[in-house]
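The values are calculated or read from the model by the stated rules, or taken from the named source; none is laboratory data. Owing to the predicted nature of the structure, the values given are computational and were not obtained by experimental measurement. All Cβ positions, glycine included, derive from the backbone under ideal geometry; neighbour counts span all protein chains shown. The protein model used for the area step is the full one, side chains on, heavy atoms only, and it has no ligands, DNA or RNA in it. Shrake-Rupley method; radii C 1.70, N 1.55, O 1.52, S 1.80 Å.
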Amino acid sequence: MAAASQLLRGASRAPPALSAASRRWLGSAPPGVPAVRGGRRWALAGALGGLGLGLGLWRQRASMAAAEEEEEEEMRRRFMAPPVSGLRELRRRRRELGSRMELLIMETQAEVCRALAALDPGASFAVDTWERKEGGGGISCVLQDGEVFEKAGVNVSVVFGQLSEEAARQMRSRGKALKASKDGKLPFCAMGVSSVIHPKNPHVPTMHFNYRYFEIEEADGTKQWWFGGGTDLTPTYLNEEDAVHFHKTLKEVCDKHDLKLYPKYKKWCDDYFYIKHRDERRGIGGIFFDDVDSPSKEEAFQFVQSCAKAVVPSYVPIVKKHCHDSYTPEEKLWQQLRRGRYVEFNLVYDRGTKFGLLTPGSRIESILMSLPLTARWEYMNTPPESSKEAKMLEVLRNPKDWVH
């Protein structure tokens, strides 16, 4: 409207020079421009004002279309699917920790999927986006029946809403003092990336990682927040060189932030992945932490970011080294038995699985993505003394320090 007013004011002074065709066209008010007092100069002003506004609108739409195309290209390049919160919204809130964490988990998902796909070129990830009616959604990327990986899943979820009573009870049981409102409501937001990779070859270990951020608003408006996560390795057969490489990579990441972190989180991992009814650890560990809310939000986020970036270099070299190793039917059988233990831990003890199953509207397929395609249970299976299988069991019952 400002542009049209300027044109109208200018028309009262001196009409611009026009071609003969334009002068003939402007002999009467053009379509859409009302005839007003003041003759052809007023008609000209109305036409030019309308033309200016039309060009401006066209340029605006063209600019928006170009921005959307650029945004889609960036998403294709950086992510496996559009972020749950939308890239534009994440950019608008780019300084907020929640937005930075969502971008981190999206980038981690894409980085890991592409690294795994490069190792198994005959297979591809199925990308499944889903919404949670209570709030939020996620992206599940799953590769099945490849040459290298029997099943590999990398999931992202960003969910929010009201914390269920069961989930709140679980958190209080580990020391969280959560003050709900009178109606018992506890608004929450949780986001994370989680992955379990089950290779075909029994000489390639299974690997799991998870990095997450949680926020709860209490009755008085106070917000509790914390990070959790970790990366751990579950070999079928022990290869000490691989164990050292894996732990050394994680230790180097921890040491950049605090020399006390690796021994603390390594022990926490050994303790957490303990299958009590079997008196065994699930694997040879790695790092695990939860409820991390210090020394500051920024420092905690930087640590989680470093850990997420270490996933590929800690694991991919091991896969490359062993994915073409030969193996016997007996070794494949032992892998199936060890996967049975993996299932037992995940369904009986895993905190993340429990939280997912207790959260209304959770996507069960994504939660149980961690389970292998195949597993086996045999009655009273005991490996011979001094066998490779017995050596593996010894380490699972008595965790070792792999780096110092």
Restricting to segment 380-404, name every residue that is aliphatic (A, V, I, L, M) and assigned to a loop (DSSP other than H, G, I, E, B).
Met380, Val403
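Let's see how each residue does on (1) at pLDDT 95 or above; (2) of a type in the set (Val, Ile, Thr); (3) open to solvent by 20 Å² or more (accessible area, probe 1.4 Å); (4) part of a helix (DSSP H, G or I):
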| position | (1), (2), (3), (4) |
| --- | --- |
| Asp242 | yes, no, no, yes |
| His245 | yes, no, yes, yes |
| Lys256 | yes, no, yes, yes |
| His324 | yes, no, yes, no |
| Arg339 | yes, no, no, yes |
Inter-residue pairs, beta-carbon under 6 Å, first in contact (Cβ under 8 Å) with a residue 60 or more places away in the chain and in segment 278-302, second in a strand (DSSP E or B) and open to solvent by 40 Å² or more (accessible area, probe 1.4 Å), 6+ apart:
Arg281/Tyr274
Only residues that are over 20 Å from Ile284 (Cβ atoms), more than 33 Å from the chain's Cα centre (by Cα) and among the hydrophobic types (A, V, I, L, M, F, W, C): list them for segment 363-402, please.
Met380
Take Thr374 and decide whether it is more than 22 Å from Asn155 (Cβ to Cβ), outside any helix (DSSP H, G or I) and open to solvent by 20 Å² or more (accessible area, probe 1.4 Å).
no
Does Asp271 count as more than 27 Å from Leu238 (Cα to Cα) and of a type in the set (Asp, Glu)?
no
What are the pairs, 6+ residues apart or on separate chains, where a residue within segment 147-169 that is surrounded by fewer than 20 Cβ atoms within 10 Å (Cβ to Cβ) has its Cβ under 6 Å from a residue that is of a type in the set (Gly, Ala, Ser)?
Glu147/Gly122; Phe160/Gly135; Phe160/Gly136; Gly161/Gly135
Go through the residues of segment 230-238 one by one and say whether even a single one is open to solvent by 10 Å² or more (accessible area, probe 1.4 Å) and touching a strand residue (DSSP E or B) at 6+ places or on another chain (Cβ under 7 Å).
yes
Taking the options Ser306, Ser294, Ser314, name whichever one is hydroxyl-bearing (Ser, Thr, Tyr) and loosely packed, with under 14 Cβ neighbours inside 10 Å.
Ser294
